[in-house]
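Engineer: Got a structure for you, questions after.
The values are calculated or read from the model by the stated rules, or taken from the named source; none is laboratory data. If you're wondering where the values come from, they're calculated on a predicted model, not measured in any experiment. No Cβ is skipped: glycine too gets one built from the backbone with ideal geometry, and neighbour counts run over all protein chains shown.
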Amino acid sequence: MHYGIHYIDFLPGDPAALGPTLARTAIAAEQAGADMFTLADHFFQMEGMGKSEDPFLEAYTSMGFLAGQTERITLTLLVTGVTYRYPGLLAKIATTLDVLSQGRSMLGLGAAWYEREHVGLGVPYPPLRDRFEMLEETLQICLQMWSENNGPYEGKHYRLAETICQPQPIRRPPIFLGGSGEKKTLRMVAQYADLWNTTTPLEDLPHKLGVLRAHCDTLGRDMSEIRLTAGYFIDPFADTDAYLKSAEGYADLGFDLINVGPLPGNPDPAGWVARYGEEIAPRLAQIG
């Protein structure tokens, strides 16, 4: 079983400390052998993690910074909110990250959900049905811009006269979709995704996997082509044996990566990551 580090808590305090702390944590993740380092795509801190007024850095700017601080680890958002950037610009942003990181990026994408920051910052927040339509059109636009087709794109929500994207990515960023909705999200996972991430409880995953498999069958997609990853955000040090037992449950279902990270309020996220790499990761690697 592999793991990725998800960083969501920019600690209150001196703004000058935010960048160095973020860099130390990403470097620690790379040194500890994590597959990926991810950030959430938000502008206000999520209310379940802290106060909306707590510090939160813009994700793609932060990833560009981390591209210059790291050498091997994959960098991606878990996940990009489809409402925040026009898709043609998003494709260019994701391409720039891929080029600057020497082919270490992925395009994480989701339908967006945090209404308060949309309203607060003046970002349109369409109904959920429209956001799912925008998500699929964004996927189609990005894939077209990462192809030899520079022509127009005509969709319901987006119309592009040209889809020029130069330079092209060093490696076409893998598509990383998050969410577990059965009718729309999992169908798009089956159709477009290279990786799927879910926070569905372990006991409910067999059903979700059955739905995903049915979508793959309908579309003629080999489900084994989709890497299965799961968010597993509990304290691994409180009961390590139970933690690893649950990880075995994910592995038994075909998942080969869990996303983990320091719980909110941890004053030393880099130290947490280093400890995870020393105490948990070697045992985790024996699973699967």
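Engineer: Of all residues in the stretch 157-184, which are over 24 Å from residue 38 (Cα atoms) and of a type in the set (Ser, Thr, Tyr)?
Structural biologist: 158, 163
Engineer: If residue 267 satisfies all but one of (1) exposed (fewer than 14 other Cβ atoms within 10 Å of the Cβ); (2) modelled with pLDDT of 95 or more, what's the number of the condition it fails?
Structural biologist: Going through (1) exposed (fewer than 14 other Cβ atoms within 10 Å of the Cβ); (2) modelled with pLDDT of 95 or more one by one, residue 267 breaks only (2).
Engineer: So residue 222 fits all but one of (1) without any contact (Cβ under 8 Å) to a residue 24 or more places away in the chain; (2) touching a helix residue (DSSP H, G or I) at 6+ places or on another chain (Cβ under 9 Å); (3) farther than 27 Å from residue 257 by Cβ; what number is the exception?
Structural biologist: So the condition that residue 222 fails would be (3).
Engineer: Are there any pairs with C-beta distances below 9 angstrom linking a residue in the stretch 267-288 that is of a type in the set (Val, Ile, Thr) to a residue that is surrounded by fewer than 18 Cβ atoms within 10 Å (Cβ to Cβ) and not in a helix (DSSP H, G or I), with the two at least 6 apart or on different chains, and if so which?
Structural biologist: 280/237
Engineer: Here's a follow-up. Restricted to the stretch 247-264, and to residues that are in a loop (DSSP other than H, G, I, E, B), modelled with pLDDT of 95 or more and of a type outside the set (A, V, I, L, M), which residue is surrounded by the most Cβ atoms within 10 Å (Cβ to Cβ)?
Structural biologist: 261
Engineer: While we're on this one: Please work out which residue is farthest from residue 146 (Cα to Cα), limiting yourself to the stretch 80-94 and to residues that are crowded, with 23+ Cβ neighbours inside 10 Å and within 15 Å of the chain's Cα centre (by Cα).
Structural biologist: This residue is 81.
Engineer: Scan the stretch 30-48 residue by residue and report those that are aliphatic (A, V, I, L, M) and over 20 Å from residue 228 (Cβ atoms).
Structural biologist: Hits for the stretch 30-48 are 32, 39, 40, 46.
Engineer: All but one of (1) closer than 23 Å to residue 28 by Cβ; (2) touching a strand residue (DSSP E or B) at 6+ places or on another chain (Cβ under 6 Å); (3) surrounded by fewer than 20 Cβ atoms within 10 Å (Cβ to Cβ) hold for residue 278, so report the exception by its number.
Structural biologist: Of the numbered conditions (1) closer than 23 Å to residue 28 by Cβ; (2) touching a strand residue (DSSP E or B) at 6+ places or on another chain (Cβ under 6 Å); (3) surrounded by fewer than 20 Cβ atoms within 10 Å (Cβ to Cβ), the odd one out for residue 278 is (2).
Engineer: May I pose another question? For the stretch 221-231, does any single residue satisfy the condition of being surrounded by fewer than 17 Cβ atoms within 10 Å (Cβ to Cβ) and outside any helix (DSSP H, G or I)?
Structural biologist: Within the stretch 221-231, one or more residues are surrounded by fewer than 17 Cβ atoms within 10 Å (Cβ to Cβ) and outside any helix (DSSP H, G or I).
Engineer: Residues in the stretch 191-200: is at least one assigned to a strand (DSSP E or B) and touching a residue at least 40 places away in the same chain (Cβ under 8 Å)?
Structural biologist: yes
Engineer: Of these, 74, 70, 21, which one is in contact with a strand residue (DSSP E or B) (Cβ under 7 Å, 6 or more places away or on another chain), at pLDDT 95 or above and hydroxyl-bearing (Ser, Thr, Tyr)?
Structural biologist: Only one candidate passes the filter, namely 74.
Engineer: Just the residues that are assigned to a helix (DSSP H, G or I), buried (at least 17 other Cβ atoms within 10 Å of the Cβ) and either basic (Lys, Arg) or without any contact (Cβ under 8 Å) to a residue 60 or more places away in the chain (or both), please, taken from the stretch 1-53.
Structural biologist: 18, 22, 23, 24, 26, 30
Engineer: Being part of a loop (DSSP other than H, G, I, E, B) and touching a residue at least 24 places away in the same chain (Cβ under 8 Å) is the filter; apply it to the stretch 54-65 and report the residue that is surrounded by the most Cβ atoms within 10 Å (Cβ to Cβ).
Structural biologist: 56
Engineer: Here's a follow-up. Please enumerate the residues belonging to the stretch 119-139 that are surrounded by 16 or more Cβ atoms within 10 Å (Cβ to Cβ), in a helix (DSSP H, G or I) and not charged (D, E, K, R).
Structural biologist: Of everything in the stretch 119-139, those that are surrounded by 16 or more Cβ atoms within 10 Å (Cβ to Cβ), in a helix (DSSP H, G or I) and not charged (D, E, K, R) turn out to be 132, 134, 135, 138, 139.
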